[in-house]
Amino acid sequence: MWDSFNTYGGSYQNSFETLCNQLFERYLSREYSNSIDEFKVINGAGGDGGIEAYGKLSNGDFIAI
């Protein structure tokens, strides 16, 4: 399966992180469609503490990967 993973010229690591972020955004949209205030992908170049992306809900809660 991974032999067919197209990175479009990027690294496998960055491409996989992008895929995970896209899947996470779709998950949030499906599960929390009426209560998402913000979705943000974090660029980890300066040290992101392991957080790749997060969604902020209207009740103030955060969900992150």
Neighbours by Cβ (under 9 Å, 6+ apart or cross-chain): first from the stretch 6-30, on the phi > 0 side of the Ramachandran plot and at pLDDT below 90; second loosely packed, with under 12 Cβ neighbours inside 10 Å and in a loop (DSSP other than H, G, I, E, B)
none
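Scan the stretch 6-34 residue by residue and report those that are of a type in the set (D, E, K, R) and out of contact with any Asp or Glu (no Cβ under 7 Å at 6 or more places or on another chain).
Matches in the stretch 6-34: 25, 26, 30, 31.
The values are calculated or read from the model by the stated rules, or taken from the named source; none is laboratory data. Worth saying up front: this structure is predicted, and the values here are computed from it rather than measured. When we count neighbours, we look across all protein chains shown, and the Cβ atoms used for this are built from the backbone with ideal geometry, even at glycine.
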